[in-house]
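Everything on this sheet refers to the single structure shown next.
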Amino acid sequence: MKVTTRLSRRALTVGLSAGVLIAASATLPGTAFAADYPTKPIELIVPYAAGGGTDLVARAFADAAKKHLPQPIGVVNKTGGGGAVGLTEIMAARPDGYKIGMGTVEITLLPHMGVARFTVDDFTPVARLNAEPSAITVKADSPWKTFEEFLDYAKTNPGKVRIGNSGTGAIWHLAAEALADKTGTTFNHVPFDGANPAVTSLLGGHIEAVSVSPAEVSSQLAAGQLRMLAVMADQRQKAFPDVPTLKEKGIDLTVATWRGIVVPKKTPAAVVETLRTASKAAAEDQGFRDQLAKMNLTWAYADGPEFGQVMQKDNAFFKGMMTKLGMAK
C-alpha cells in the first residue's frame with residue numbers, strides 16, 4: 001500500500017513537472033517574439049485609394065516612423081466598399097503586429113449598415129494621428145459662388161446635383177446625407193473608392209460637388225480649379241479662413257473623420273506597447289507635423305486609450321445618426 005502511494009506521488013510529481021514544461025514551452029515563444037518585435041518590415045493597410053487624405057497621413061507617418069522603429073513600414077492601399085475591404089483585412093490579419101492598419105471613422109459607420117463583418121471592438125487602438133471635417137466643394141467655374149446659391153439650386157432641382165463621396169457608407173457619404181436631411185434637400189450621391197477619385201471626377205465635370213475634407217482639395221483650390229463653399233466644423237479652418245462653417249449659415253451640422261493606427265484585437269500587449277511608443281514619437285516628430293501642415297492636414301494625436309474612447313463615443317453617435325437617416329440596418 002505504501003509502495004503504491006509512493007509511486008502515485010512520484011507519477012503526480014513527474015506529471016506536474018511535464019505540465020509546467022509544456023506550459024512554459026507554449027508561452028516562451030510568444031514572449032520572446034513580443035520582446036524581439038519587429039524583426040521584419042511592417043505592412044500598413046490603407047483602406048482608401050492613393051492620394052486621398054487617409055493615404056497622405058499614412059505615408060507621412062510611415063516616413064516619420066523610420067526613426068523610431070528598427071524595421072520600415074510599407075504602405076499598401078486596399079480599396080473597396082467604402083473602406084470595408086481594407087478594414088476587414090486589418091481586422092482579420094494575424095495579430096502579430098506585422099500587418100497593421102490606418103483606421104478611420106468608418107470603423108464606427110459601416111457595421112451599422114450591415115456591410116461589414118467587423119465592429120469597433122474588433123480593433124485595438126494604437127494612436128490617433130489626424131482629424132478633418134467635411135466640406136462642400138465645387139468647380140471654380142460653376143455658377144455657385146456661395147453656399148446659399150448652391151443649396152437654393154439643389155432644392156429647386158431635386159436629385160440633379162451629384163455629390164461625390166469616398167464610398168457608400170463612408171464618412172463623406174454620411175456628411176452629404178446629413179446635409180440633405182438637415183436642409184430638406186435631395187442630392188444624387190455618387191460613391192468612389194476614396195476621396196481622390198471623387199475629386200478627379202469633379203474636375204472632369206462628371207459630378208457637381210464633393211463632400212470630402214478641405215485637405216483633399218487643397219492643391220486644386222490653390223491652383224484655382226475648385227471653390228470651397230462651406231465646412232462642416234464648429235470653427236473655420238486655419239488654412240481656409242475665408243470659408244464659412246455651416247453653423248454660420250444657420251445649419252447646425254458638424255461631421256468629421258479621424259485617422260489613426262489600429263491593430264487586430266488579439267495583438268499581444270507587448271507588441272501594442274511597442275507600436276504605441278513608436279507612434280507617439282513619430283506623431284510628435286516635427287517632420288511629421290510639418291508634412292501634415294504642408295498638406296493642410298490637421299495634427300490630432302491621441303494615445304491608444306484616449307483614441308479608444310473617441311472610437312466608442314463615435315460608434316454610439318453615428319449609430320443614432322444613421323438610424324435617424326434610415327441608413328442603419
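Quick notes on this structure:
- Close pairs (9 angstrom Cβ cut-off, 6 or more residues apart or separate chains): within 9 Å of Pro47 (Cβ to Cβ) in segment 75-87, open to solvent by 50 Å² or more (accessible area, probe 1.4 Å) and in a helix (DSSP H, G or I) anywhere: Lys78/Val85; Thr79/Val85
- Within segment 277-321, the only residue that satisfies the criterion of being within 24 Å of Thr267 (Cα to Cα), part of a helix (DSSP H, G or I) and of a type in the set (Phe, Trp, Tyr) is Phe307.
- When Asn315 is tested against the conditions (1) open to solvent by 20 Å² or more (accessible area, probe 1.4 Å); (2) within 30 Å of Ser142 (Cβ to Cβ), the lone failure is (2).
- Those residues of segment 93-152 which are within 24 Å of Leu297 (Cβ to Cβ), part of a helix (DSSP H, G or I) and open to solvent by 30 Å² or more (accessible area, probe 1.4 Å), in sequence order: none
- Unique residue being at pLDDT 95 or above and either over 20 Å from the mean Cα position of the chain (by Cα) or open to solvent by 80 Å² or more (accessible area, probe 1.4 Å) (or both) when the list is Arg259, Arg227: Arg227
- Verdict on Asp63 being open to solvent by 30 Å² or more (accessible area, probe 1.4 Å) and not small (Gly, Ala, Ser): yes
- If the condition is being acidic (Asp, Glu) and open to solvent by 60 Å² or more (accessible area, probe 1.4 Å), then segment 274-300 contributes Glu284, Asp290.
- Scan of segment 230-254 for residues that are assigned to a strand (DSSP E or B) and among the hydrophobic types (A, V, I, L, M, F, W, C), ordered by number: Ala230, Val231
- Residue that is farthest from the chain's Cα centre (by Cα) [pool: residues in segment 153-176 that are more than 23 Å from Gly204 (Cα to Cα) and open to solvent by 50 Å² or more (accessible area, probe 1.4 Å)]: Thr156
The values are calculated or read from the model by the stated rules, or taken from the named source; none is laboratory data. Here the structure is a predicted model, which means the values were calculated and not measured. Note: ideal-geometry Cβ built from the backbone for every residue, glycine included; neighbour counts use all protein chains shown. Surface areas here come from the heavy atoms of the whole protein model, side chains and all, with no ligands, DNA or RNA. Shrake-Rupley method; radii C 1.70, N 1.55, O 1.52, S 1.80 Å.
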